[in-house]
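A.B. asks: Let me begin by handing over the structure; questions about it come next.
The values are calculated or read from the model by the stated rules, or taken from the named source; none is laboratory data. All figures in this text were calculated on a predicted structure; none of them were measured in a lab. Ideal geometry is used to build each Cβ from the backbone, glycine not excepted, and the neighbour counts take in all protein chains shown. These accessible areas exclude ligands, DNA and RNA; they are computed on the full protein's heavy atoms, side chains included. Shrake-Rupley method; radii C 1.70, N 1.55, O 1.52, S 1.80 Å.
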Amino acid sequence: MTTPLLDMLNVTKTYPGPEGGPPVEVLRGVTWQLNDGESAAIVGPSGSGKSTLLNLAGALDIPTSGAVRLGGVNLAEADDTKLARVRRELVGFVFQQHLLMPHLTVLENVLLPLLADQRGAAPEEYARELLDRVGLSSRLHHRPAQLSGGEQQRVALARALVRRPRLVLADEPTGSLDRATALVTTQVLLDLYQALGFALVVVTHSLELASRMARRWTLAEGRLEPLA
Amino acid sequence: MTITAALLVGRSVQESLERVGRLRIGHAHVAVELAAPAPLPLALDNGLGPLGDAPVARLLVFDGLATLPDRGRRTGRVRVLGVDESFFGFFDARPAAPAEGEVWLSRRLAERLDASPGDELVLRVPMASGLPSDVPLGAAPTAWAAARWTVRQIVADEFGGRFDVRPSVEPPLNAFVHREALAAFSGRPGVANVLLIGRSATVPTLDDLRRAVEEAAGPAGRNFEIRSLPDGGAELRSAGVVLDAAIVDHLTNALSGGRPLLTYFVNAWRTPDRFVPYSFASGVVGEPLPPDVAADEIVVHADLANDLAVRAGDRLRAEYFILDAQQRLVETHTVVRVRAVTTQPRDPGLVPDLPGISQATSCRDWKTSLPLDISRIRPADEDDWSRWRGAPKAWLRYDTAVSLWSNRFGVATAIRWPAPVTTADVERATRRVPLAARFTDVREAARRAARGGPDFTMLFLGLGAFVIVAALLLEGWMFGAALAGREPEIRLLVALGFTRRDIARWLLAETALVALLAAMAGAAAGIALACALVAGLRSVWRDAAGGAPLWTVVPFTAPAIGALLGWLVALLAAAAVIRRHSATPPARADSLSAGRRRPHVSKRTTLALAAIALAAALAVPRIAGRAALERPLPRLAAGALTLLGSGFVGRLWLRSPPSRTHPSPTPFGPHAWRRHPGRTLAALLVPACGWFVVFAVETHRPRTPPTEPRDSPAGGFSALAETSIALPDDPTSTDGRRRWRLDDALDQPGVRVLALRRVEGTAADCRNIQRVDQPPLLGVPTATLDELGAFSWRRAPANAAPGRPWSALALPTAPDEIPAVLDASVATWGLRVRIGDRIPMTDERGRPFALRIVGLLDDTIFQGHLVLDEQRLLERFPSAPRRMLLIEAPAEWREPLLETLADRLEDWGFEWTSTRDRLDSLLDVHRAYLDIFLAFSSLGLALGGLGFGVLAWRTLIERRSELAMLLALGWTRRRLWGEAALDQWLLAWAGLLLGLAAALAAFPPRWEGWASWWRISWIAAAALALIGTLSVQTAVWMLSHGPLLPHLRSE
């Protein structure tokens, strides 16, 4: 029996409520597992805790209670340094806002994760290969401001994959794109998923994107339920 | 806050000075200061005669010396005031006066002597004779008188203790005694030399009062004595022995028939084999001289002719003392021919009343400062004295007598009118002779003094300008950042159809309300700051205020005006930001790009401006010249231009494309600075300006220059001394050396003493923060100073002989002008005059004249005085006493010389100070102003430091999403916030280094400058760097402990 890549057990996440009010329980006893290479979509209304779930899964946050294991590491017991290492080595993030560094070129933005552990000059070959896969090999030295929204998001995709993560977490990756661009971007993501074999979790409002994932979950009232 | 504080400080200083003025003069409106004490008629008293209903007080005032023998305490520059009950009526005190034998002390004098009621005090004052101390004709044998008085009470300042006719901030050392007792003790009963006059409804103007006083003063008030002559007619003479030329001309013109005469003391009449000692001769008009008597002829009495065995046609040699050009007593002679011998009765009435001589019963009882050889007196001379009381034995032409024997004091000893002129006629004629007095509207003078001094409001506004600028910049930054944060709202309103003008008006209205609240809070803070500043001016910065007593005054208007101005200034700054923001298209809210705005100034223009500024920074010191490098202005300009040029260079760099070599992955560092070039530049330059000011102030702190060089501010003299009582002789003259036994001390090699004459006034140096109308006048030996090459000039007189700048002071000028020089700083800040200006003055005889400014000295030990040639000073002030000494001695003789002088001149109130200490005390004012400037700059820097922290906080907020993304990519929090802090520290310290570099470029430090590292300003600089660092760290800490993850989503 293989060890799940991501193993959440009875995870609860609570935030302080408004002044004088009770705390807000965003996640209630979430138990969820994801294996290497699997894909999953999480859907749900706004404010249901989808991003919170993704942050916990990506070692960006720690649960109020319960356990989260990612790549065998118990995230609840990890300090900030360990969490950062986990994020560097295991996780790649794709956000709704591409969050590219405006002063760096496309190539430099993709290489950015390799600088997180101050390893010095990063090898460019894989980055160039990724950019070629996303169709931006001719735009290596352009700045983000010179790209369209879809192109910027594809750069963000390449950036998320440059360290060969085992898990890619995409939070509304097409949320800010028009429909045509969203379709293109979705296809690029799925092509990469197929080619590189990482586990993929997508938070999305797009039923079409959700339907392309192997499994679908819904988050409502803090509980994760499989979606038929 | 700064504006309110400046307004309040200025108001407080002015009201304090006005309050001091009221304490000084009470209810007096006019003060009449006579040149010499005189018996003033009763007609000048309260409620009588021409002064109508005005209250009047007579005073007899001397500068003297006070000693508390039981405690060994002693002080000079004591103002001894003989008063009666009417004096204290001017100060709302109960009508009382010191009884005979009592002295009342002012609070300051009591503190200085540590005296209390019951103590015995010795007061030493000059004799009140009408004669100046160094007049050669029968000078008073004793220059001063001393007596014991019992201290009865201490007079509070508000009850007259602080009385002073002159507007000074320093409380005088007043000792009040019974006026009549003082007059009698000083040798002239019944005299007074000051009149205080209160408000009069019937005699409202100063001119009216002057006319009334001159009318009422009469002959007695002018020290005239009028008597009838035995054979009819009248004679006028002066208690001061001699009458000056102007008075003689006035009276002989006013009343025809007047004949002046000049009777003089002749040491000896000689023939080849005989001589007659010590007799009088008279220069006369008319009898007994024949009408055709020649200028070199005399008529002798038979008594003299027989004694000398001479007859008509014989020649005689007359030997006598005169004052030479240097006002030294020298014996000289003239040879005359006997025209005739007369037997007409000799007239003792021709001899003036000479103190020490006229009352003597025998020749051997004569008491005079003239160096007489009593052994010459023969029995026949004693007989002659007993019979004739010195009646003249010889007569010569009056004009000849004037040419031989007149001096600065006068040209005649009497004027005679033949019958039918009566004493009443003469008395009427004298009423039109100008009174030798100075009339001062003391109330107006006090008001002018209080309001005409340095404007402390403008001073503190200037000193606080950096605070205001820093605050405005900070407001602009924060307001601009807030406005940028509200861009989505603004875009929405625009999208809905509202015009940008409407939006701008709403924003301005909103800002106006906030600014109003801030202005009110600032006004309240300004009141607190003003209290602190006034407390500072009373204590640590008291030199800047001249030690003036200061009260904090908080009228409603000042905080209201300060709040209003602060509000307006803040509103204008906000309006400028709104206008600038409205003029440029907004950045996209969904992009991380900086929303670069198109620069208003092109790259080429910026490059040109940078080149011009930096070139000017290099050129200014060269243009200003080597000597001007010692002045602050060219150096400040060079530093400012350096900063300006650096700013333009920085702007160019920030707007240039970034380097492609290893850009930082994080949102920090030079590339991030380029996102907001204006903000980055401001963040660099504002602290840089502040640091520049701090370092520039410290390196320019004035150091006391050496006093040994001749061209130093001390002229090579090592000590400056003053006496409380005028010296009757020049200590370096033969008479002076003999009088004070100074031969041994003065004959040492390298020793030089110069005695200077001074006419009292209100010191106009930098320690007096009041406007001065009557500065003291100092008469110097200009020829000596030229020979020594003493002192240096900011601007030497243009008409002086080459290499002899002081000679310009002795050159002839217009009849009513005398050339004068003064320190450049006094000219600029104190009296506000320039070369060529005339300063109206009134001379000793009450006649107007003017001083023409012909040169500016380079801030010397004479600061506060107007300096004249001694001889020219004596033309207008013949009685000007010697009261200041310049002393030069080699180091090994300095102490012994000063000890000797202090011992020998103790009874004249000799006090000395080193010229170094004198210069130090003058520079202390400059240093105090620099300390205030530094305090304000430090306040501005603290504000800038805190503002820098706010900026750092703002910058980090704008980059939260970038920071969150890096966190997601695996950066640790520690590394992220470490880079954030480092980025802001780099900016802060870059500003510091830029300011330091500009300061070093403008003010190359001297070695002794570095030795003062531990001065408060350096500590303040370090403290301020800490504030800036802490504020940045605080901003970083606050943000690092807040949530970042929410910023991963759309913002």
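A.B. asks: On the accessible surface of region B:1-101, probed at 1.4 Å, how many percent belong to carbon and sulfur atoms?
C.D. replies: 50 percent
A.B. asks: With every protein chain left in place and a probe of 1.4 Å, what is the accessible surface of B:GLU787, to the nearest 10 Å²?
C.D. replies: Roughly 140 Å² of B:GLU787 is accessible to a 1.4 Å probe.
A.B. asks: Here is a further query. Please compute, for the alpha-carbon atoms of region B:719-921, the extent along each of the three principal axes and give them in descending order in Å.
C.D. replies: The Cα atoms of region B:719-921 stretch 45, 36, 34 Å along their principal axes.
A.B. asks: At 0.36 nm per residue, and after removing the present C-alpha to C-alpha distance, how many nm does the segment from B:THR1034 to B:VAL554 gain when stretched out fully?
C.D. replies: Using 0.36 nm per residue and subtracting the Cα-Cα distance, I get 169.1 nm.
A.B. asks: Based on the inverse mean of 1/r over its pairs of different Cα atoms, what is the Kirkwood hydrodynamic radius of chain B, in Å?
C.D. replies: 34.4 Å
A.B. asks: Cα atoms only, region B:23-219: Rg and Dmax in Å?
C.D. replies: 16.7, 51
A.B. asks: A further question follows. Taking the Cα centre of chain B as the origin, how large is its charge dipole in debye, to the nearest 20, when only Lys and Arg (+1) and Asp and Glu (-1) carry charge on their Cβ atoms?
C.D. replies: That gives chain B a dipole magnitude of about 5720 debye.
A.B. asks: Counting protein heavy atoms only and a 1.4 angstrom probe, how many square angstrom of accessible surface do chains B and A bury in total, to the nearest 100?
C.D. replies: 2600 Å²
A.B. asks: Tell me the relative contact order for region A:6-226 as a rounded percent, counting alpha carbon contacts under 8 Å between residues six or more apart.
C.D. replies: It comes to 30 percent, rounded to a whole number.
A.B. asks: How far apart, in nanometres, would the label points at B:SER375 and B:LEU564 be if each is projected 7 angstrom from Cα along the Cα-to-Cβ direction?
C.D. replies: Each label point lies 7 Å from its Cα, and together they span 8.8 nm.
A.B. asks: Take the Cα of B:GLU111, step 7 Å along the line toward its Cβ, and report every residue of region B:167-189 whose backbone nitrogen sits under 15 Å from that point.
C.D. replies: In region B:167-189, the label zone of B:GLU111 (backbone N under 15 Å from the point 7 Å along Cα→Cβ) covers B:169-174.
A.B. asks: Looking at chain B only, what percent of DSSP beta bridges run antiparallel? Nearest 5 please. Each step should come with its number before you reach the end.
C.D. replies: Details: 98 of 129 bridges.
The answer is about 75 percent antiparallel.
A.B. asks: Also: Taking a spot 7 Å from the Cα of B:ARG94 along the direction of its beta carbon, which residues of region B:145-171 have an amide N less than 19 Å from it?
C.D. replies: B:151-161
A.B. asks: Probe radius 1.4 Å, ligands and nucleic acids left out: which of B:LYS393, B:LYS603 has the largest accessible area, and how do the rest follow?
C.D. replies: B:LYS603, B:LYS393
A.B. asks: Number of Lys-Lys pairs in the protein assembly as shown under 30 Å by Cα, sequence gap 8 or more or different chains? Each step should come with its number before you reach the end.
C.D. replies: Details: A:LYS13/A:LYS50; A:LYS13/A:LYS82; A:LYS50/A:LYS82; B:LYS367/B:LYS393.
So the count of such lysine pairs works out to 4.
A.B. asks: Compute the long axis of helix B:973-1002 from its Cα atoms, compare it with the longest principal axis of the Cα atoms of chain B, and write down the angle in degrees, 0 to 90, nearest 10.
C.D. replies: For helix B:973-1002, the angle is close to 30 degrees.
A.B. asks: Answer rounded, prolate or oblate for region B:838-897, using the Cα gyration tensor with square roots of eigenvalues a ≥ b ≥ c: rounded when a/c is under 1.5, else prolate when a/b is larger than b/c, else oblate.
C.D. replies: oblate
A.B. asks: Taking Cα atoms of the protein assembly as shown, Rg/Rh with Kirkwood Rh, to two decimals?
C.D. replies: 1.21
A.B. asks: A follow-up question, please. Taking every pair of alpha-carbon atoms in region A:6-226, give the share separated by more than 33 Å as a whole percent.
C.D. replies: 16 percent
A.B. asks: In vacuo Debye scattering of region B:224-434, one point per C-alpha: log10 I(q)/I(0) at q = 0.15 Å⁻¹?
C.D. replies: The calculated log intensity ratios at q = 0.15 Å⁻¹ are -0.98.
A.B. asks: For the protein assembly as shown, what proportion of DSSP beta bridges, expressed in % and rounded to the nearest 5, is antiparallel?
C.D. replies: Antiparallel: roughly 70 percent of the beta bridges in the protein assembly as shown.
A.B. asks: Still on this structure: Got a sec to turn the phi values of region A:189-194 into Karplus ³J(HN,Hα) couplings, 6.51 cos²θ - 1.76 cosθ + 1.60 with θ = phi - 60°, whole Hz, x for Gly and Pro?
C.D. replies: 4, 5, 4, 5, 4, 5
A.B. asks: Tell me the accessible surface of B:THR813 in square angstrom (1.4 angstrom probe, heavy atoms of protein chains only), to the nearest ten.
C.D. replies: 60 Å²
A.B. asks: Still on this structure, I have one more. Output the relative contact order of chain B, whole-number percent, from Cα pairs under 8 angstrom with separation of 6+ residues.
C.D. replies: Relative contact order, chain B: 14 percent.
A.B. asks: Once phi is turned into ³J(HN,Hα) by the Karplus curve 6.51 cos²θ - 1.76 cosθ + 1.60 with θ = phi - 60°, what whole-Hz value does each residue of region A:210-223 show in order, with x for glycine and proline?
C.D. replies: 4, 5, 7, 8, 5, 10, 10, 10, 10, 10, 9, 6, x, 10
A.B. asks: Right, another one. Relative contact order, percent, of region B:719-921 when contacts are C-alpha pairs under 8 Å separated by at least 6 residues?
C.D. replies: With pairs under 8 Å counted, the relative contact order is 35 percent.
A.B. asks: Separate question: Helix-derived [θ] at 222 nm for the protein assembly as shown: sum -39500 (n - 2.57) over DSSP H runs of at least 4, divide by residue count, nearest 500?
C.D. replies: Calculated mean residue ellipticity at 222 nm is -13000 deg cm²/dmol.
A.B. asks: Hey, if we sort B:ARG188, B:ARG838 by accessible area with the 1.4 Å probe, largest down, what's the order?
C.D. replies: Descending order: B:ARG838, B:ARG188.
A.B. asks: Next up: Among B:HIS27, B:HIS301, A:HIS142, what's the order by accessible area (1.4 angstrom probe), most exposed first?
C.D. replies: Largest accessible area first, the list is B:HIS27, A:HIS142, B:HIS301.
A.B. asks: Also: Please find the FRET efficiency linking B:ALA294 to B:HIS27, where r is the Cβ-Cβ separation and R0 is fixed at 56 Å, and quote it to the nearest 0.05.
C.D. replies: That gives a FRET efficiency of 0.35.
A.B. asks: Are there residues in region A:171-215 whose accessible area shrinks by at least 30 Å² when all protein chains are included rather than the chain by itself, and which are they (probe 1.4 Å, ligands and nucleic acids not counted)?
C.D. replies: Buried by 30 Å² or more upon assembly, which counts only protein chains, is no residue of region A:171-215.
A.B. asks: Rolling a 1.4 angstrom probe over the protein heavy atoms, how many square angstrom per residue are accessible across the protein assembly as shown?
C.D. replies: 42 Å²
A.B. asks: Mind grabbing the accessible area of B:ARG655 for me, 1.4 Å probe, Å², rounded to tens?
C.D. replies: Here the residue's solvent-accessible area equals roughly 90 Å².
A.B. asks: Leaving out ligands, DNA and RNA, and with a 1.4 Å probe, what % of the accessible surface on region B:224-434 is carbon or sulfur?
C.D. replies: Values: 4480 of 9040 Å².
Carbon with sulfur: 50 percent of the solvent-accessible area.
A.B. asks: Residues of region B:861-880 with amide nitrogen under 18 Å from the 7 Å Cα-to-Cβ point of B:ALA814?
C.D. replies: Within reach of a label on B:ALA814, which here means backbone N under 18 Å from a point 7 Å along Cα→Cβ, region B:861-880 contributes B:876.
A.B. asks: Would you mind getting me the FRET efficiency between A:ARG164 and A:LEU207? Use the beta-carbon distance for r and R0 = 30 Å, nearest 0.05. Don't skip to the end; give the middle numbers.
C.D. replies: Details: r = 30 Å, r/R0 = 1.00.
Here the calculated transfer efficiency is 0.50.
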